[in-house]
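Since every read-out is calculated from the coordinates, none of them should be taken as a lab result. Predicted model, so just to flag it, every value in this text is computed and none were measured. Positions of Cβ are generated from backbone atoms using ideal geometry, with glycine treated the same way; all protein chains shown enter the neighbour counts.
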Amino acid sequence: MRPKRRSGDALSGYQLRPNGRYNTDLIVDFENAGGRGVSQALGLAGELNLDVVRNPTLSTVPYLSRGEIHQIIGLTDAMVDQERGPLALAAKVPLRRFEIRLAR
């Protein structure tokens, strides 16, 4: 019998101020992890494959693992395409810009 394990996360983002030269993104990541202790793992492979997830300070309640504010301050009106991803939500950004990230 294999030990029970639970882990999951939800990444969310919102463009607070979708403007050409000035853009503000809010990005949050909630996680949930739980499982049984190492004493209930069977064999070495169970521990190495993360079949046993155990941290006594975590509960089954989701927790905020990352929170970030991403601010873009454009220095020019010339825009370039950018692929959206988990760390940046804007599809177009100024060619010359400052990017500020405040994260937890």
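Quick rundown of the values:
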read-out	value
Calculated FRET value between residue 96 and residue 14, using beta carbons and R₀ = 25 Å, to 0.05	0.45
Segment residue 22-residue 79, extension gain: residue separation times 0.36 nm, minus the distance between their alpha carbons	19.4 nm
